[in-house]
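Heads up, the thing below is written out as structure tokens.
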Amino acid sequence: MPGSITKRGKNSYRIRLDAPPDASGSRRQVSETVHGTKKDAERRLAELVVEIGDGKCVARKDVTVAEAVEVWLKKYKYGHADSTYCTAEGLLRLHVVEGLGKMPVSGLTPSHVDSVMIRMLDDGLRPRTVRYLHWLLKSVLDGCLNRNEISHNSAAKVKPPRDLPKEVPALTDTQVQAF
């Protein structure tokens, strides 16, 4: 089997196997601790081998949300108008980096994304602006997904708010007569 299982304690085993090299060509290993029997460890090793073969193996990095936003903004800057970039940067820094910046991207959950959107709505921002921020955050996390820094996009699992229908005032009697 292309990996190793090492006994660590009474009911825990460490699995270690080689993953494809990173962008710089450096060797990369995947290591994981399994609590349970040796059969459980062997099962998990087989799952990891399949994940690596499918290209789904996540590079376990401690990339923070703030770092992910910075990387995304550098790419977003090119090909967008300055005003569009400034709006995106302001929304991401004020509402995402401010609240979730120190959190590792791999630890981000749909409830974290929900809490950011609810806080924005509570602060009086329009649902359209919150939807735009949701799209921005989803794009940031898609970039992390493409770089194998996370295994799933938490923002994709959150439904953004809908716009409330605009109230149209009824016509007055004089407007009705004129019509």
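The values are calculated or read from the model by the stated rules, or taken from the named source; none is laboratory data. Note that the structure is predicted; figures quoted are calculated from it, not measured. Cβ atoms come from the backbone with ideal geometry, glycine included; neighbour counts cover every protein chain shown. Each accessible area value is taken on the protein alone, full model and side chains, heavy atoms only, with ligands, DNA and RNA left out. Shrake-Rupley method; radii C 1.70, N 1.55, O 1.52, S 1.80 Å.
Okay, residues lined up against (1) part of a helix (DSSP H, G or I); (2) of a type outside the set (Ser, Thr, Tyr); (3) over 30 Å from Thr6 (Cα atoms); (4) modelled with pLDDT of 90 or more:
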{"site": "Val49", "(1), (2), (3), (4)": "yes, yes, no, no"}
{"site": "Lys61", "(1), (2), (3), (4)": "no, yes, no, no"}
{"site": "Gly79", "(1), (2), (3), (4)": "no, yes, yes, no"}
{"site": "Ser83", "(1), (2), (3), (4)": "yes, no, yes, yes"}
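Run down Leu137, Leu145, Leu125 and say which single residue is under 25 Å from His80 (Cα atoms) and touching a His at 6+ places or on another chain (Cβ under 8 Å).
Leu145
Return yes when Val168 is β-branched (Val, Ile, Thr) and either modelled with pLDDT of 85 or more or open to solvent by less than 90 Å² (accessible area, probe 1.4 Å) (or both) and no when it is not.
Spelling it out, it is not the case that Val168 is β-branched (Val, Ile, Thr) and either modelled with pLDDT of 85 or more or open to solvent by less than 90 Å² (accessible area, probe 1.4 Å) (or both).
Can you pull out the residues in region 114-158 that are over 16 Å from Gly90 (Cα atoms), of a type in the set (Val, Ile, Thr) and assigned to a helix (DSSP H, G or I)?
Residue satisfying the conditions is Ile118 alone.
When you look at His95, is it modelled with pLDDT of 80 or more and over 21 Å from the mean Cα position of the chain (by Cα), yes or no?
For His95, the condition - modelled with pLDDT of 80 or more and over 21 Å from the mean Cα position of the chain (by Cα) - is not met.
Somewhere in region 149-159, is a residue touching a residue at least 24 places away in the same chain (Cβ under 8 Å), open to solvent by 70 Å² or more (accessible area, probe 1.4 Å) and of a type in the set (Ser, Thr, Tyr)?
Scanning region 149-159 turns up at least one residue that is touching a residue at least 24 places away in the same chain (Cβ under 8 Å), open to solvent by 70 Å² or more (accessible area, probe 1.4 Å) and of a type in the set (Ser, Thr, Tyr).
With respect to the numbered conditions (1) at pLDDT below 90; (2) of a type outside the set (Lys, Arg); (3) within 24 Å of Met120 (Cα to Cα), which one is the sole condition not fulfilled by Gly90?
All conditions are met except number (1).
Given Leu121, Leu137, which one is in contact (Cβ under 8 Å) with a residue 40 or more places away in the chain and surrounded by 18 or more Cβ atoms within 10 Å (Cβ to Cβ)?
Criteria check complete, one pass: Leu137.
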